[in-house]
Structures are given as C-alpha cells and as structure tokens.
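Trainee: Handing you this structure, nothing more for now.
Readers should treat all values here as calculations from the given coordinates under stated rules, not as data from a laboratory. Note that the structure is predicted; figures quoted are calculated from it, not measured. So basically every Cβ, Gly included, is an ideal-geometry build from the backbone, and we count neighbours across all protein chains shown.
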Amino acid sequence: MPGELQILIITAITIACLHTITGPDHYLPFIALSKARGWSFGKTLLWTVTCGCGHVWSSVLLALGGSAIGWSLSKVSWLENIRGGIAGWVLLVFGLVYGIWGLMRAYKNKSHKHFDTYQDGSIYVYEHKHGKAVQPAERHKVTPWVMFIIFLLGPCEPMIPLLYYPAAQHSWSGMLLLILVYTFFTLATMIVMVVLGYYGISFFKTEKLERFMHALGGLTIFICGAGMVFMGW
C-alpha cells in the first residue's frame, strides 16, 4: 500500500472519530429517543446505523467532488513535479482554510442544532448558541425519520478532499478503501457512544469541544497535507 494512501487512511480514521465524538448530535438524540420511547437495545442500534449511513453517504457524495477534481488535475503533467505532489498541497490549503473558518465560527459562536427532551418525553430540535439561554422561537418535534433527514443533510465536510489522491492516481481500489474505512469508523464511533449512553455511562465531556469541531477537522487535514508536502510522508 502506498505511503500516501496509508496517511490518508489514518486521516480518515481520525476525522471520522473526532467528528463523531465532538458532535453530541451524532449520538445523544438516539439515546434520548430510546429512553423516551422505550426502544429495545436492538432498535436503538438499528436507527443509529440507519442515520449514520445517511450521514456517511452524503459525506461520500461530497467527497466524490474532490475525486473528480483529482481525476482532472492528474492529466496536467507539470503538476507532477510540484514538491509533495498537488494532492498534498490541496490537503494543506483545504485544511488551513477550513480550520480558520472553523475557528472563526467558534469565536463568533454561530448557532447550531440542539436537541432537548421535554417532560412529556417528546424530543425537539432547534437552533441555539453556546452560553445563550435556550428559548427557541421555533422547534421541530423529532421522530426517527426526521432524524434520518437531519443526518442526510448534514455531511462531514473534511471528507471532501480525502478522495483526491486516489483519484489523481486513478486508483478505484484506493477510493473504495478510504470510503469503507471512513464509513466503518464513523458508524463504529456512533455505536460506541450510543451504547455507553444507553447504559448510562459517559466518559467524554464534549460540550466544550463541540464548537471547535470544524477547526479540529481542518487541523487534521492540514497536518496530513503538511506531512506530505514538507516531510515526505
């Protein structure tokens, strides 16, 4: 397996785990729905995997855009002589821009999705900001299918450039491997967090990390690109 592909796989694993753990909306709603509706353990896992697949597939569709760019630029011969390869530079620049955007978003305290359980056992989703009183003007009741749509429309943006390298190498097997790895570790992390919450176990306090989720994703991509360009990974 080429060294660059190994680095991309490690990056995909890191992004999948970080993106899931630092985003409580990836697992807390399933725990809340399970307790509120009296779901069995099996049904809880079923809906977790179903929504997780929707989340992953929407991310992969966006990532295929990155693969299309890689496929096109691979035909430009002079780009092959750039130190670290154009794939490394794309990852470096994307990671830097995405990380800065993530920090600005965290600093400005942009609103984001929030799930809450009410006394009657109903679960609602609405927008809120960290440190602000939760008084939603609009709220929408969450059902399993509503949850699926939310996950389908909320892809993981850092996945976009990861398929660039195997596409530039015309490696369908490399692209498939990255997609499978990303899918497996995203679903596995979601399941682990849901299982822990289902049994009342919580080892991770992710509320403070949640606002830096995008910045962490950008940092991971930037490190991958910098390693390819300047360290010969």
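Trainee: Among 217-225, 147-155, 45-53, how do they line up from the highest to the lowest mean number of other beta-carbon atoms within 10 Å?
Mentor: Answer by packing, highest mean first, reads 217-225, 45-53, 147-155.
Trainee: Now for a different question. Under a 5 Å amide H to amide H cut-off, with H placed in plane at 1.01 Å, what residues pair with residue 156 once short-range neighbours are removed?
Mentor: 59
Trainee: Per residue of the stretch 217-225, what does 6.51 cos²θ - 1.76 cosθ + 1.60 with θ = phi - 60° give for ³J(HN,Hα)? Whole Hz please, x for Gly and Pro, Karplus curve as stated.
Mentor: Karplus values, whole Hz, x for Gly and Pro: x, x, 4, 4, 5, 4, 4, 4, x.
Trainee: In nanometres, what is the gap between the two model label sites at residue 104 and residue 61, each 7 Å from Cα along Cα-to-Cβ?
Mentor: It is 2.7 nm.
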